[in-house]
Amino acid sequence: FEAPEYAPERLSEKTGGGPENAMRVLDAALLALDALGPDGWNEDAIKVALFGLEEVLGAKPRKFVPVLYVAIMGKPAGIPLFESMAILGRERTLQRLRRRARIASNGAISSTGVSRASIPQHWLNGCVRLLVSGVRSPSRM
């Protein structure tokens with residue numbers, strides 16, 4: 001399960017937003033996924049957390065998911081992302097995202113603008129309710 005190597009520019013090549021956008025996506029994903037504890041780390045919980053970034057980032061998943069594909073797999077598309085993240089495990093997934101965030105930050109011009117405070121509390125509460133209630137996936141997916 002070695003992390004793939006690739007040029008940092010690959011993080012943002014599909015989104016067209018440059019390194020600032022890639023950093024923003026990686027930061028938001030790290031915050032959302034870090035909130036999932038080891039016991040809650042599964043494909044459905046990962047999907048809920050990442051699709052919830054649509055509101056936080058103000059973009060459709062097709063605009064930000066390629067950044068996550070590259071960070072995790074080294075290319076902007078591939079085998080199912082959420083399943084791959086579940087198989088890799090929480091620590092290895094977060095490690096890859098953190099490593100790519102550090103690499104991307106070297107090319108970023110401005111701050112990412114994403115912090116725990118910028119994630120709406122109702123969104124975090126909704127994720128927790130879904131995970132606690134055992135709902136397998138959100139209805140809009």
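The values are calculated or read from the model by the stated rules, or taken from the named source; none is laboratory data. This one's a predicted model, so the numbers in the text were calculated from it and none came from an experiment. Reconstructed Cβ throughout: ideal geometry from the backbone, glycine too, with neighbour counts over all protein chains shown.
Would you check which residues across the range 64-105 are charged (D, E, K, R) and buried (at least 19 other Cβ atoms within 10 Å of the Cβ) and list them? So that I can check it myself, show each step before the final result.
Of all residues in the range 64-105, those charged (D, E, K, R) come to 75, 83, 90-92, 96, 98-100, 102.
ARG90, ARG96, ARG100 - these are the residues of the range 64-105 that are charged (D, E, K, R) and buried (at least 19 other Cβ atoms within 10 Å of the Cβ).
Kindly indicate whether ILE119 is of a type in the set (A, V, I, L, M, F, W, C) and at pLDDT 55 or above.
It is false that ILE119 is of a type in the set (A, V, I, L, M, F, W, C) and at pLDDT 55 or above.
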